[in-house]
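Remarks on the structure that follows.
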Amino acid sequence: MNDIIPEYTKADYLQSTAPFEWLYQFKDNKLKMRQMSTILSERARKTGVRNFASLFKLYLETVNSKDGGTGDNTTDFEGQEIELDCGKWIADDFGVTGTDKMGFEIVACNHPIMPVQRLINVDSGIEKIKLAYRKNKQWRTIVADKKTLASNNAIIQLADYGIAVNSENSKHLVRYLTDIEHLNYEKIEELNSVGRLGWIEDYGFSPYVDDLVFDGDLSFKHFFESVKCKGTYQSWLETANQARKNSTIVRLIVAASFGSVLVRPCDALPFFVHLWGGSEAGKTVGLMLAASIWANPAMGEYIHTFNSTAVGQELSAAFVNSLPLIIDELQIIGDKKDFDKLIYTLSEGVGRSRGAKSGGLQKVSSWQNCMLTTGEQPISNGSSASGAINRIIEIDCKEIRLFQNPVEVVSEIKKNYGFAGKQFVERLQYSENMKYAIDIQKNYYKQLCQGQSTDKQAMAASIILAADFLTEKWIFKDGLVLDVQDIEPYLYTKKQVSANERALEFIYDFVSINLNKFSTNAFHEYAGEIWGCMDDDYIYIIKSQFDKIMHEEGYNPTAFLSWAKDHEYIDGSQDRTTKAKRIQGTVCRCVWIKKMNETKTASDVEVDDLPL
């Protein structure tokens, strides 16, 4: 190479390419080229040419264009599934490289990487790109948002999945992926995609749609892939039929699992079916059988535990969407107050509004399904809100063994699963069958509403009964069909659901247990604290103490007193729910509760049964 720098005139810089051609000879030696470029730039400035660098960039672009650097290259990766035009980029087994405007080599990625699919989400319309990349001679794939691939900062997130991207090469990788998609827009396959399970309008039911690709959160990919068929349908059917034959509760569990996909077509709210009782009852095996209808029933595959955050449970519900959300071991939640919150969150069928990083709100998630849960205790308690209790069907398994041979059942359903749910959904997708299913559910609902259960309890129960009827007809064909009498014992009545009715009964029980706080001893003295008093007609509870008692038990004293006055369970002065009462010589503001010999609660407790 000639290191002697020629002397160029202003005309040489502005009217010829001689200075640039001389500098270009150092293109293979970046350091030398940079040094010579600096010297030439200073000399050009002395002649009055102050834009030498920009002129040299234009020269390089011209040279690169003549060399075919704008579109003649193609990807040349070993094992690539498609060959793409890569323009000026060199894409081979050594990675992806190019040149900058100064002609210096830049590295976009040091291993093969290329877009192979463009995915359009059918729910949101958001476009994503499926990338294929090779590490250690093994091809992997990842689905990424377009906004991630378009940002120098955001694309660094892909490093978590083994893609060699960092703050140094991120902008080059963004440019390479943008260029290659633009050059191959027609060649890159475009598919519809989905990030969840369940009913999808105008498409069918995910994952049973052949031309829908999963593009959801990678943390749910394993969850999604668990919904599949394995083994033989006949082996699963024989196991399920035997289990149904041995236990009505098992039939209820199985029917609830199938019924989950009827919640949306029947325009119902999500609901819980909760199994509780002794540890040897076989509740977990029951959940596994319910899961095997759709997916791999092994723990950690489709079934999860309650050991997750509230946000995690909400995301899981939105993901399964129409399929049952099956969660084991409720007792992991230590505080019973959390139960009501969980029930309300999941049975509303709508997620919380959350802010988006880019501003505004994220799209609110939704679901319509059944939640199947287990635990060693009920999911509701005496102070649970009416709305929470109304959304639960609780089944006390007591010490009853649900399965004759649970080990054998587990062994069989782990080897054979996923067929029945797919067949059930395929049947329902015929419009006449769906109408038939809805008509059956409506008929059961009318029957149940004639009983003592609430409308919401009747709706949930009718879906379970309709699913049982249909699956016996289409799948099991064993002549075993649940009727209203089979499920009614597990339904809450209107009286049981009312929080105020339960609060009233609690008050009478509480006073009976703490009689010494409301009555004097033989010496006409109170032993300890004074909470009120009583006579033949009323129990008088000091208002401040009444509020404390109610709050500690989880009841709302204001709501209760308003209801109690309307139903004439208490006396109040004019428009108030309390009255003055003299206790031990002091006038106190008290709640005047009528004794049970004056009236009865809605549960119709007999006077003789009460200790007052």
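Scan the stretch 471-515 for residues that are in a loop (DSSP other than H, G, I, E, B) and either farther than 22 Å from Ile389 by Cα or of a type in the set (Gly, Ala, Ser) (or both) and the total you get is 9. Scanning the stretch 192-202 for residues that are surrounded by 15 or more Cβ atoms within 10 Å (Cβ to Cβ) and part of a loop (DSSP other than H, G, I, E, B) yields Gly195, Arg196, Leu197. From the list Gly231, Gly259, exactly one residue is touching a helix residue (DSSP H, G or I) at 6+ places or on another chain (Cβ under 8 Å), surrounded by fewer than 23 Cβ atoms within 10 Å (Cβ to Cβ) and at pLDDT 95 or above. Which is it? Every option except Gly231 fails the conditions.
Residues that are loosely packed, with under 15 Cβ neighbours inside 10 Å, over 20 Å from Thr99 (Cβ atoms), of a type in the set (D, E, K, R) and out of contact with any Gly (no Cβ under 7 Å at 6 or more places or on another chain) within the stretch 7-56 comprise Glu7, Glu42, Arg45, Lys46, Arg50, listed in sequence order.
So that you can scan it fast, the table gives a plain yes or no per residue for (1) open to solvent by 10 Å² or more (accessible area, probe 1.4 Å); (2) in contact with a strand residue (DSSP E or B) (Cβ under 8 Å, 6 or more places away or on another chain):
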| position | (1), (2) |
| --- | --- |
| Ala240 | no, no |
| Asn246 | yes, no |
| Val263 | no, yes |
| Leu275 | no, yes |
| Ala281 | no, yes |
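Can you pull out the residues in the stretch 129-151 that are among the charged types (D, E, K, R) and open to solvent by less than 40 Å² (accessible area, probe 1.4 Å)? If the condition is that a residue be among the charged types (D, E, K, R) and open to solvent by less than 40 Å² (accessible area, probe 1.4 Å), then Arg134 is the only one that fits. If you go through the stretch 491-538 and pick out every residue that is open to solvent by less than 40 Å² (accessible area, probe 1.4 Å) and of a type in the set (Asp, Glu), you end up with 1. Of everything in the stretch 300-326, what is modelled with pLDDT under 90 and assigned to a strand (DSSP E or B)? Give them in sequence order. Answer for the stretch 300-326, where residues must be modelled with pLDDT under 90 and assigned to a strand (DSSP E or B): His304, Thr305. Can you find, within the stretch 557-589, the residue that is farthest from Glu501 (Cα to Cα) among those that are open to solvent by 90 Å² or more (accessible area, probe 1.4 Å) and in a loop (DSSP other than H, G, I, E, B)? Taking the candidates together, the pick is Gln584. Restricting the stretch 452-480 to residues that are without any contact (Cβ under 8 Å) to a residue 40 or more places away in the chain and open to solvent by 20 Å² or more (accessible area, probe 1.4 Å), which is nearest to the chain's Cα centre (by Cα)? Among residues in the stretch 452-480 that are without any contact (Cβ under 8 Å) to a residue 40 or more places away in the chain and open to solvent by 20 Å² or more (accessible area, probe 1.4 Å), the one nearest to the chain's Cα centre (by Cα) is Asp455. The set of residues in the stretch 367-417 being open to solvent by 50 Å² or more (accessible area, probe 1.4 Å), modelled with pLDDT of 85 or more and under 20 Å from Val273 (Cβ atoms) consists of Gln368, Arg401. State all residues of the stretch 83-119 that are of a type in the set (Val, Ile, Thr), out of contact with any Pro (no Cβ under 8 Å at 6 or more places or on another chain) and open to solvent by less than 40 Å² (accessible area, probe 1.4 Å); if no residue qualifies, say none. Thr97, Ile106, Ile113, Val116, listed by residue number. Highlighted here would be strands (runs of 3 or more DSSP E) found entirely within the stretch 204-298 that include at least 2 residues which are without any contact (Cβ under 8 Å) to a residue 60 or more places away in the chain, but there are none. The listed residues are Glu394, Glu408, and the only one of them that is farther than 29 Å from Asp210 by Cβ and assigned to a helix (DSSP H, G or I) turns out to be Glu408. Taken over the stretch 424-443, the criterion of being in contact (Cβ under 8 Å) with a residue 60 or more places away in the chain, over 14 Å from Leu465 (Cα atoms) and surrounded by 14 or more Cβ atoms within 10 Å (Cβ to Cβ) is satisfied by Phe424, Val425, Glu426, Leu428, Met434. Here Ile475 meets the list (1) in contact with a Ser or Thr (Cβ under 7 Å, 6 or more places away or on another chain); (2) closer than 30 Å to Gln447 by Cβ almost entirely, failing just condition (1).
The values are calculated or read from the model by the stated rules, or taken from the named source; none is laboratory data. Since this is a predicted model, take the numbers as computed values, not measurements. Please note: Cβ atoms are built from the backbone with ideal geometry, for glycine as well, and neighbour counts cover all protein chains shown. Each accessible area value is taken on the protein alone, full model and side chains, heavy atoms only, with ligands, DNA and RNA left out. Shrake-Rupley method; radii C 1.70, N 1.55, O 1.52, S 1.80 Å.
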